[in-house]
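J.: Below is one structure. I have some questions about it.
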Amino acid sequence: MGSAKAALVKAFSAAYTIVDRRRRLNVVSLHRIGQQQGARLPAQVRHQLTLLKESHRIILPSQLSQFEGYDGPLAMITVDDGHACTYEQLFPICRDLDIPFIAYLPVDYLLHGQWLWFDQLECLYRQTGSMTSEQYHSLQQQLKGLTPDLRAEKLAMLASQWAFDLPAAPVADYAPLGSDDIREMLSSGLFEVGSHAVTHTILTQLDERSMVAELKEAKMILESHFETTVNSFCYPNGLSGDFNQPVIENVRACGYTTAMTSLEGSNIRAQMDPLQLCRIHIGLPDHALLKELSGLGRWQKVFCGDSGSQQVLG
């Protein structure tokens with residue numbers, strides 16, 4: 001978008017906040033930060049989190065009920081998956097800016113040395129050169145709808161087919177947070193641990209027993225390992241169809257009080273369901289980020305038929 005159009009979007013966004021004065025909660029979402037494929041650059045993240053701090057009171061999910069009467073715009077900062085760059089890149093930024101954030105952690109990846117399946121696939125794509133970009137994205141779509149066992153079989157078959165010896169544990173570019181790093185972040189008072197299930201499997205692909213196990217075990221293991229309370233959940237992938245009412249009710253029954261989706265938009269506090277919170281993805285151009293934060297982006301999607309659909313793997 002040209003600079004004139006970007007400036008116009010910013011002006012409309014500012015005007016929209018005057019017209020629509022409903023109290024909002026804006027939850028921003030991050031994944032990897034650094035030089036990996038698809039990762040956000042630290043300078044861009046710092047800049048956009050600074051913009052967020054200038055206009056919002058930033059809180060943690062555990063604090064949401066404490067701010068029911070707060071009249072200004074609230075925000076949360078979330079990061080999915082728990083890659084090492086959360087500590088190496090995001091934590092210093094948030095510490096410098098004195099703003100809190102939460103990381104949603106898949107237990108098998110964080111504590112049991114298991115690859116995230118989409119990291120495995122990306123590693124195969126980058127290291128073997130055996131598929132086109134179109135084939136890579138097609139495989140992403142196929143694999144994300146499988147159960148963990150079927151997904152592992154498919155990835156092993158691909159690695160064998162391309163004669164690539166995929167390491168048993170994630171290599172450096174895909175390494176998870178260390179437990180000591182998480183404890184240091186917790187001790188800062190600027191950080192919370194959230195649950196991203198055990199195996200990072202889309203919950204609607206599982207039978208109810210397996211789904212409940214993903215929810216309960218992740219909460220119990222994270223709380224025990226880090227001696228902290230885990231009351232917030234993030235739906236793996238988190239788009240329409242990746243969670244439904246039975247999943248939401250089980251999230252509630254397992255003791256979670258907030259849950260993050262990957263549906264894009266601003267949350268109107270008087271209308272929102274804390275177990276279906278929409279998020280806004282850091283890394284959009286500034287004018288697009290400001291449009292989403294103002295609520296104009298959500299209005300555009302609803303009234304102008306712009307679905308804003310996207311592929312999410314976090």
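J.: If we count other beta carbons within 10 Å of each Cβ, what is the order of Leu277, Leu150, Leu105, fewest first?
T.: On the way: Leu277 24, Leu150 12, Leu105 29.
Starting with the residue having the fewest Cβ neighbours, the order is Leu150, Leu277, Leu105.
J.: Moving on to the next point. Return the long-range amide H neighbours of Leu41 (sequence gap of 5 or more, or a different chain), with a cut-off of under 5 Å between placed amide H atoms.
T.: Gly34
J.: For a quick size check, give me the Cα extents of segment 150-288 along its three principal axes, largest first, whole Å.
T.: Cα extents, longest axis first: 55, 42, 37 Å.
J.: Per 10 Å bin, what percent of the C-alpha pairs of the chain does each bin hold, from zero upward?
T.: 6, 27, 35, 24, 8, 1
J.: Could you work out how far apart the two model spin labels at Gln135 and Gln271 are, taking each label as a point 7 Å from the Cα in the direction of the beta carbon, and quote it in nm?
T.: 4.6 nm
J.: For segment 37-126, compute the orientation-averaged projected area of the C-alpha convex hull (one quarter of its surface), in nm². Numbers along the way, then the final one.
T.: Details: hull surface 28.5 nm².
For segment 37-126, the mean projected area of the Cα convex hull comes to 7.1 nm².
J.: What are the ³J(HN,Hα) couplings of segment 255-266, residue after residue, when phi is run through the Karplus curve with 6.51, -1.76, 1.60 and θ = phi - 60°? Round to Hz, x for glycine and proline.
T.: Those phi angles translate into x, 7, 10, 9, 8, 9, 9, 10, 6, 8, x, 8 Hz.
J.: Let me know the Rg and Dmax you get for segment 117-169 when you use only its Cα atoms, in Å.
T.: Reported Rg and Dmax, both Å: 10.2, 27.
J.: Using θ = phi - 60° and the Karplus relation 6.51 cos²θ - 1.76 cosθ + 1.60, list the HN-Hα couplings for segment 249-254 in order, rounded to whole Hz, with x at every Gly or Pro.
T.: 5, 6, 4, 5, 5, 7
J.: Which one, Asp165, Asp81, Asp242, has the greatest fluctuation when you compute a Gaussian network model over the chain with C-alpha springs under 10 angstrom?
T.: Judging by the Gaussian network model, the answer is Asp165.
J.: Skipping prolines and chain starts, which residues have an amide H placed within reach, meaning under 5 Å, of the one on Glu192, given they are 5 or more residues away or on another chain?
T.: Phe101, Ile102, Ala103
J.: Sticking with this structure for a sec: With 10 angstrom as the radius, rank Cys278, Cys254 by how many other C-beta atoms surround their C-beta, starting from the fewest. List each step's numbers first, then the result.
T.: Numbers: Cys278 21, Cys254 18.
Ascending Cβ contact count within 10 Å gives the list Cys254, Cys278.
J.: In whole Hz, with x marking every Gly and Pro, tabulate ³J(HN,Hα) for segment 133-146 from phi via Karplus 6.51 cos²θ - 1.76 cosθ + 1.60, θ = phi - 60°.
T.: With coefficients 6.51, -1.76 and 1.60, one gets 4, 5, 5, 4, 5, 5, 5, 4, 5, 5, 6, 5, x, 9 Hz.
J.: Amide H to amide H, which residues 5 or more places from Val27 or on other chains are under 5 Å from it, using H placed in the peptide plane?
T.: Residues meeting the amide H criterion: Met76, Asn267, Ile280.
J.: Hey, another quick one. Sort Arg279, Arg252, Arg126 so the one with the fewest other Cβ atoms within 10 Å of its own Cβ comes first.
T.: Values: Arg279 26, Arg252 15, Arg126 12.
Going from sparsest to densest Cβ surroundings: Arg126, Arg252, Arg279.
J.: Using the Cα centre as the reference, give the magnitude of the dipole from point charges on the C-beta atoms of the chain (Lys, Arg: +1; Asp, Glu: -1; all else neutral), rounded to the nearest 20 debye.
T.: On the way: 26 positive and 34 negative charges, 238 e Å.
Using Cβ point charges on Lys, Arg, Asp and Glu, the chain gives about 1140 debye.
J.: Further question on the same structure: With unit charges on the beta carbons (Lys and Arg positive, Asp and Glu negative) and the dipole taken about the Cα centre of the chain, which residue among Thr201, His112, Val45 sits farthest to the positive side?
T.: Result: Val45.
Coordinate-derived values only; no laboratory data. These numbers were taken from a predicted model, which means no experiment stands behind them. Using ideal geometry, Cβ is built from the backbone for each residue, glycine included, and neighbour counts are taken over all protein chains shown.
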